[in-house]
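Comments concern the structure below.
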Amino acid sequence: MIKPSQKMVQQKARLMIVLFALFSVALAQNHDPHQKNPLTGQLAALQKGRELFAANCAFCHGKDAIGGTRGPALAGGEWKHGDSDAALFRTISKGIAGTAMPASDLTETETWQLVTYLRGFKSVAPASIQGDRIAGEQVFRMNCAQCHMVKGRGGRLGPDLLHTLERRSLDEFISAVREPDKKIERGFETIRVITAQGKTLDGVRKNEDTFSLQMMERGGRLRLLDKSDVRSVTDERRSLMPAFNEARLSATQLQNLLAWLDGLREVKAKP
Amino acid sequence: MTRMRKIILILWMSALLASPAAAQVTNDQLLRATETSENWLSYSGDYSSQRFSRLTQINAANVHQLKTEWVFQTGVTGPFQAVPLVFDGLMYLTTPNNEAIALDARTGRQVWRYRHPLPEQILGAKVNRGLAALGDKLFMATLDGRVIALDHKTGHVVWNTKTEGSHPAISHTVAPLVVKNKVIVGTSGGEYGVRGFIDAYDADTGKLAWRFYTVPGPGEPGNETWAGDSWKSGGAPNWLTGSYDPQLNLLYWTTGNPSPDHDGSVREGDNLYSCSIVALNPDTGKLQWHFQFTPHDVHDWDANQIPILLNAPYQGRPRQLLALANRNGFFYLLDRTNGKFLFAKPFAQVTWASKINEDGRPVRLPNTLPSEQGAYVCPGMAGATNWFSPSYHPQTKLFYVLARETCDNYYVRPQKYEEGKYYSAGANVENPKEREWGALRALDPTTGEKKWEYKFFSAPWTAGTLATAGNLVFAGDNEGYLMAFDAAKGKLLWRFQTGANIYASPIMYALNGKQYLAQASGSSLYVFALPTPEPMKGQRR
């Protein structure tokens, strides 16, 4: 009997094959070898890219590309200097004039490994995740909708799930469900606030500076506070979301949820 | 030439000759810049770099009324690090892509704009910190390794000198300093293995008067502090404006990190004069003394911080002092006549050295060098402070510095030097477990003791400070706040949200009896004044 987790791996492998085929077609159509990343979808390249990122890019762009004070987020962020393979390659190798982004000294292979890693933050091709979509919608209603919104339905405390799928790799999405404490997106950090009157507020930080705090309470209420009305702000360093391990959400249920979400995405016409 | 044209020409030339001398910046004005606080004549306001304004119309009692007078939008993106100059009713500023702009300092209306043509690729940071002025000229050092002189009334190019040297990363971001008749500039490129230097150009002709290499060549003292040929790509760039003592005739300039940043094994030795301050004769460029803050640096703790010159009693007798809060976490006090080390004391969390010895050398702690596995060290790579300006208030006798409480994991990654390639040989990663924070701190510069602090939510990264005789100190933060504090006690008196990161230091000036505060933020320049100012007392020239 195939365990759910093994099944998942098989499905991901199938997905990779489909993706690779798609990109092979794209490669064959393009005569400039620099236009497309030859390492697309290769897990070893992604791992190497992750290491290269930590050593070369994280100072400005933050750990795991979540953004820092010196550079924008690349995970789930907007790639404003172009998001094609060629544009990413150019940005990394040549830098961006007029910004703090320098030219890198990485080899061509290393640069493509980095592109592979960055691509991992972008979602998989639409309409390619298999599963029972009707069951998936049920999973969403029962488990996620209290805090997450999809096409206007659901709660506001957590990130929009469809939007997340569009910005994240499958690996990251699954990891965020199974181990939500591991990586918390900016704007969703759990905080506990004690007000000057002694009241406790639990929720997520939308923004904060020396003088003010913008937070959303568990119930979805936005609180716009002056620091003069706040006694303390504690970073909880964990997600407000419970970990959905396999006992709580089986691999099949997760697969169905993904399939349902995937089906809701707009399929962009391929040229 | 017709008769009429001749007459017009003669009339035009006489008009030029009849122009009042006050319309130009003179050497005398530069020497007396502290007394004529109505102008802002150089990057740090005057040669002492105290960033202290004697204007008192805006003061601790009324600063809460401060209102936006006008905003100028440059239309240029990128970190707006320029400190404007103000004299004779005009304000002069630069943009990150080497545009120079003249504004009506009362209204913010543009008078002229010069656009310097730049090549497509520039190595290193794309910023500019501002202009210098002398006579009828403004001086700008450019990203493509040039020093240019512009006419102050039109922005027309008077001369344009290409910096000698063929290294592709020679690039200038510094606001020049005019000393006597020379325009002093330093180079950038510390992450590209340049060999740092400080140049002096004749203000009239643009001809190179002297060059001082901050990495000594073979046969020169200090070259022995670089293993093998490592001096050739030794770094030690000089991209922050220095200070000058006219009585001692000494020019003080700080130097950057050695290259590569994190792998010290390829450049064994102290690596002079990286992470140092050098005192030069401004007439000849000859080294008079030096002091190295971080010998053999491997954390990228350059010394590109502003050296403040001040006179105060130290250990019972009046001394000519030089104070510097260093990126490595220590505040240093030196005797500026001879460079003698007096003391150093941490002004932020420091885990790499237990103390600075009596000879001025740090006593390093184990396991603090960058490694393959990563070494966790405070301060983080961006330092306990950085290039943004501190200030000194001669009345409160306090030194104001924006301090950063940060730590990083430092990694080493051996790398071969290649000309024109980023050469750091390592990296650092922010510690995700502890939130970086910071503070405006007021230190007694003769003891290093903290007199007060005002804590900020995040670590200040680029905004500077300004002290004024109105018992005020101004400072900006990462979240875009410009703030005014009681200089003696540290109480917050006023704040304004500018809407973008503040990357530069504020300045003060006065025109027609009205005092103004100016601050660059985002890609705009904000100017503030009081809605109903009291008449100014005894500050007219």
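The values are calculated or read from the model by the stated rules, or taken from the named source; none is laboratory data. Note that the structure is a prediction, hence the values are computed from the model and not measured. All Cβ positions, even for glycine, are placed from backbone atoms using ideal geometry, and neighbour counts span all protein chains on display. Calculation scope for accessible area: heavy atoms of the full protein, side chains included, ligands and nucleic acids excluded. Shrake-Rupley method; radii C 1.70, N 1.55, O 1.52, S 1.80 Å.
Across segment A:120-271, C-alpha contacts under 8 Å between residues 6 or more apart give a mean separation that, scaled by the residue count, equals a relative contact order of 33 percent. With Cα atoms defining each centre, segment B:260-320 and segment B:60-112 are spaced 33 Å apart in the structure. For the cross-link pairs B:Lys180/B:Lys340; A:Lys151/A:Lys199; B:Lys126/B:Lys182; A:Lys48/B:Lys421; B:Lys286/B:Lys450, the ones whose C-alpha atoms lie over 31 Å apart are A:Lys151/A:Lys199; B:Lys286/B:Lys450. Overall shape of segment B:436-539 was characterised from the C-alpha gyration tensor. The equivalent ellipsoid obtained from it has semi-axes of 24, 19, 11 Å, in decreasing order. For A:Ser84, the solvent-accessible surface with a 1.4 Å probe is about 60 Å², rounded to the nearest 10.
Take the Cβ atoms of B:Gln373 and A:Thr200, set R0 to 35 Å, and the FRET efficiency comes out at 0.30.
Give, as a single signed number, the net charge of other residues whose beta carbon lies under 10 Å from the beta carbon of A:Leu52, with Lys and Arg counted +1 and Asp and Glu -1. Write down the numbers at each step before the final one.
Numbers: positive: A:Lys48, A:Arg50, B:Arg413; negative: A:Glu51, A:Glu110.
Taking every other residue near A:Leu52 into account, the sum is +1.
Over all distinct Cα-Cα pairs of segment B:98-239, the Kirkwood formula returns a hydrodynamic radius of 15.9 Å. Considering helices alone, the calculated mean residue ellipticity of chain B at 222 nm is -1000 deg cm²/dmol, with DSSP H runs of length four and up weighted by -39500 (n - 2.57) and normalised per residue. Mind pulling the angle between the C-alpha long axis of helix B:3-18 and the longest principal axis of chain B? Nearest 10 degrees, somewhere in 0 to 90. Around 50 degrees separate the two axes.
On association of chains A and B, roughly 2600 Å² of accessible area becomes buried (total for both chains; probe 1.4 Å).
Positive-end ranking of B:Phe485, B:Trp387, A:Leu88 along the dipole of the protein assembly as shown, with charges on Cβ about the Cα centre, is headed by B:Phe485. For the pair segment B:450-517 and segment B:351-410, the centres of their Cα atoms are 23 angstrom apart. The residues of segment B:53-211 have, on average, 33 Å² of accessible surface per residue, using a 1.4 Å probe with all protein chains present. Charged neighbours of B:Gly190, selected by a Cβ distance under 11 Å, balance to -4 (K, R count +1; D, E count -1).
Restricting attention to segment A:226-268, which trypsin sites (Lys or Arg not before Pro) occupy a DSSP loop and are surrounded by at most 14 other Cβ atoms within 10 Å?
Details: sites: A:Lys227, A:Arg231, A:Arg237, A:Arg238, A:Arg248, A:Arg265, A:Lys268; in loops: A:Arg237, A:Arg238, A:Arg248, A:Arg265, A:Lys268.
Answer by residue number: A:Arg237, A:Arg238, A:Arg248, A:Lys268.
Overall, the anisotropy analysis places segment B:241-310 in the prolate class: the square-rooted eigenvalues a ≥ b ≥ c of its C-alpha gyration tensor yield a/c not less than 1.5, with a/b exceeding b/c. What does a probe at B:Thr351 reach in segment B:365-404, counting residues whose amide N is under 18 Å from the point 7 Å along Cα→Cβ? Those under the cut-off are B:365-385, B:404.
Mean per-residue shielding of peptide A:208-221 is 3, counting Cβ atoms of other chains within 10 Å of each Cβ. Electrostatic tally near B:Leu322: other residues with Cβ closer than 14 Å to its Cβ, Lys and Arg +1, Asp and Glu -1, net +1.
Computed with a 1.4 Å probe over protein heavy atoms only, the accessible area of B:Trp437 comes to about 80 Å². Averaged over peptide B:68-81, the number of partner chain Cβ atoms lying within 10 Å of each residue's Cβ comes to 1.
Run through the DSSP bridge list for the protein assembly as shown and note the antiparallel percent, rounded to the nearest 5. Don't jump to the answer; show the numbers that get you there.
On the way: 152 of 156 bridges.
If I count the DSSP bridges inside the protein assembly as shown, around 95 percent turn out antiparallel.
The A:Met142 and A:Ala86 beta-carbon pair, evaluated with R₀ = 56 Å, returns a calculated FRET efficiency of approximately 0.80. Farthest toward the positive end of the dipole of segment B:19-88, out of B:Thr74, B:Ser48, B:Ala61, is the Cα of B:Ala61, where the dipole comes from beta carbon charges about the Cα centre. Relative contact order of chain B: 15 percent, from C-alpha pairs under 8 Å at least 6 residues apart in sequence.
Take the Cα radius of gyration of segment A:122-260 and divide it by 2.2 N^0.38 Å, N being the number of residues; the result is 1.16.
Please compute the Kirkwood hydrodynamic radius of segment B:205-260 from all pairs of different C-alpha atoms, in Å with one decimal.
On the way: mean 1/r = 0.0758 Å⁻¹.
Taking the inverse mean of 1/r over all distinct Cα pairs, segment B:205-260 comes out at 13.2 Å.
What is the gain in length, in nm to one decimal, between A:Lys182 and A:Lys151 on full extension, counting 0.36 nm per residue of separation less the C-alpha to C-alpha distance? Could you put the intermediate results ahead of the total?
On the way: separation 31, 0.36 × 31 = 11.16 nm, distance 2.64 nm.
Contour length minus the Cα-Cα distance gives 8.5 nm.
The separation of segment B:203-242 from segment B:133-170, counted between C-alpha centres, amounts to 21 Å. Contact order for segment B:75-180, expressed relative to its length and based on alpha carbon pairs under 8 Å spaced 6+ residues apart, stands at 23 percent. Here the Kirkwood formula puts the hydrodynamic radius of segment B:167-225 at 12.6 Å, using every distinct Cα pair.
Building the convex hull from the alpha-carbon atoms of the protein assembly as shown and averaging its projection over directions returns 41.3 nm².
Overall, the ratio between the Cα radius of gyration of segment B:384-434 and 2.2 N^0.38 Å, rounded to two decimals, is 1.80. Between B:Thr447 and B:Ala500, residue separation times 0.36 nm minus the direct Cα-Cα distance comes to 15.5 nm. Model label points for B:Thr26 and B:Asp151, set 7 angstrom from Cα along the Cα-to-Cβ axis, are 2.3 nm apart. The charge dipole of segment B:41-167, taken about its Cα centre with unit charges on the Cβ atoms of Lys, Arg (+1), Asp and Glu (-1) only, comes to about 200 debye.
The heavy atoms of B:Val412 present about 30 square angstrom of accessible area, all protein chains included, probe 1.4 Å. A protection proxy built from the mean count of other Cβ atoms within 10 Å ranks the segments B:186-192, A:145-151, most packed first, as B:186-192, A:145-151.
Using DSSP, restrict attention to beta bridges with both residues in chain B and report what percent are antiparallel, rounded to the nearest 5. Mind showing how you got there, number by number?
Details: 129 of 133 bridges.
Antiparallel bridges make up about 95 percent of those DSSP assigns within chain B.
Listed as lacking a disulfide-compatible partner in chain B: B:Cys275, by the criterion of no other cysteine Cβ under 4.7 Å.
Counting protein heavy atoms only, segment A:106-236 has 48 percent of its accessible area on carbon and sulfur, 1.4 angstrom probe. Computing FRET efficiency as 1/(1 + (r/R0)^6) for B:Asn311 and A:Asp226, where r is the C-beta to C-beta distance and R0 is 45 Å, gives about 0.55.
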